[in-house]
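The values are calculated or read from the model by the stated rules, or taken from the named source; none is laboratory data. This is a predicted model, so every value here is computed, not measured. We place every Cβ from the backbone using ideal geometry, glycine too, and count neighbours over all the protein chains shown.
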Amino acid sequence: MGNSYGYGNGNPSQKEVRELRKKLKELEQVEEKHRKLINQLKTQLEHYEYMLNRIRNYAILMLDPQGYIISCNNEVENLQGYRKDELIGKHFSLFYTDVDVDRGKPQKELQMALQKSIIEDEGWRIKKDGSRFWAKVVLSTVRDKDGYLIGFVKVVQDLTRRKKLEEELRDAKERFEGILNSVNNMIFVLDKEGKFVFYHSPENMRLYLPPGKFVNKRYSEILPPYLVEQTKIAIEDNLEGKIAEFEYSLLFNREERWFYAVMSPMMRNGEYVGSVAVIRDITGFKQNEQKLKRLVRTLKVLSQVNGILVRSKEEKKLHERVCEVIVKIGGYRAVAIRYLVRRNILRVVSSKGCGEDPRGIADFYIDKKQSHPFVYALKQGKPVILRNVQESKEFPTIRQEAKRLGYKSMGVFPLIMENKVKGIISIYSD
């Protein structure tokens, strides 16, 4: 009968002893490997924990699949006020506001992380003392090599200062825009390369080009040649620290508008970094200035014509002299004197500056139904002044003639003798 060890005669054979010793040695080797592996893992974990605790400005937390905290780094206390031992085993929803918790935001974030592997969010979070801070949160899943969920890693960064700066910047921008909107001038900023980097235009002022066609482009690429030259000279003055001023005009839908520009240098640490151009629309001022010049010019003409009428005894010379005075002294482009013949013809008796085109000095055949400034002056006995003949809606029949002969404005004055209209003087101007 064998013993309790299973050996037949109670004593193991030498072969069995050798096999037993071999197995014991193998077990010792396996145990040694396990011990080394455990020590390596322990060392790696210590290194990992040391590395995490050396990270500043980022709180890092390990969550289980249900969202309960199983580990964290030391920065959690600096950012959120909790010690490690206070957080282990707590649900990560304690960092959220009551409103977010009621809305189920923590659980929704876990679900989204499961679907997308990693998510980012910014919002208000709560510290231990109840104060709020603006946090950027990155939540990602952790899985083993077979894809099974181990938990989540949550990284939190305090961006309260950045949030405050953004709000201050937004408030400053709103105040700045309020100031700009109260200024009835256009403002353009050019960098040191001459590119438009900023603009402001009041609602009542039209831009020469849509913003998309000039922002981030050099002034020399988009402005008319004469304005490029003026801007270049102004920038050269700015480079020397001088303020430059100049006037210029632009066409908007064939309408000329005048502007007054003041360009000032922008300096940083004594170095030129760009220019600021403040531009005012002075079209109204220019128009008044031109009206005043025309008035002075007309007074001079009338004075000269009056002297001619007093001194002249020959009608032909009188007409020629009147036309000469109007063109040369008045500075007008052309003039024609027409007398009424047989009730329906205005015959040219004298003209000046009308060019070689015979149509410019032709007789005019009157149609009383026709809408024409000549007909109006004859019928009403009143002068007709047209500032923009080529766009005239009141007298459409004269638009083509104005475009063909190239004049922009005209005046028609009735010649009244013995209380009757005997003819007209038509004056043309650019």
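Of the residues making up region 311-350, those that are in a strand (DSSP E or B) and not hydroxyl-bearing (Ser, Thr, Tyr) number 12. Do we find a residue being modelled with pLDDT of 80 or more and in a helix (DSSP H, G or I) anywhere in region 171-189? Yes, region 171-189 contains at least one residue that is modelled with pLDDT of 80 or more and in a helix (DSSP H, G or I). Residues that are closer than 24 Å to Gln290 by Cα, assigned to a helix (DSSP H, G or I) and over 39 Å from the mean Cα position of the chain (by Cα) within region 399-414 comprise Arg399, Ala402, Leu405, listed in sequence order. Contact annotation: residue pairs with Cβ atoms under 8 Å, 6 or more positions apart or on different chains, pairing a residue in region 131-148 that is over 17 Å from Glu167 (Cβ atoms) with a partner that is of a type in the set (Phe, Trp, Tyr), are Leu139/Phe152; Ser140/Phe152; Thr141/Phe152; Val142/Phe152. In the set (1) in contact with a helix residue (DSSP H, G or I) (Cβ under 7 Å, 6 or more places away or on another chain); (2) exposed (fewer than 14 other Cβ atoms within 10 Å of the Cβ); (3) in contact (Cβ under 8 Å) with a residue 40 or more places away in the chain, the condition left unmet by Gly194 is number (2).
Taking region 76-85 as the range and being more than 19 Å from Arg132 (Cβ to Cβ) and either among the hydrophobic types (A, V, I, L, M, F, W, C) or assigned to a helix (DSSP H, G or I) (or both) as the test, the residues that pass are Lys84, Asp85.
Per-residue answers, yes or no, for (1) outside the structural domain of Ser220 (by TED's automatic domain parsing); (2) surrounded by 12 or more Cβ atoms within 10 Å (Cβ to Cβ); (3) more than 28 Å from the chain's Cα centre (by Cα):
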| position | (1), (2), (3) |
| --- | --- |
| Glu86 | yes, yes, yes |
| Asp129 | yes, no, yes |
| Phe133 | yes, yes, yes |
| Lys145 | yes, no, yes |
| Gly178 | yes, no, no |
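Look through Arg321, Arg333, Arg343 and report the one residue that is in the same structural domain as Lys293 (by TED's automatic domain parsing) and more than 23 Å from Lys293 (Cα to Cα).
Sole residue among the options that is in the same structural domain as Lys293 (by TED's automatic domain parsing) and more than 23 Å from Lys293 (Cα to Cα): Arg343.
In region 359-376, is there at least one residue being assigned to a strand (DSSP E or B), closer than 26 Å to Glu320 by Cβ and modelled with pLDDT of 80 or more? Looking through region 359-376, at least one residue is assigned to a strand (DSSP E or B), closer than 26 Å to Glu320 by Cβ and modelled with pLDDT of 80 or more.
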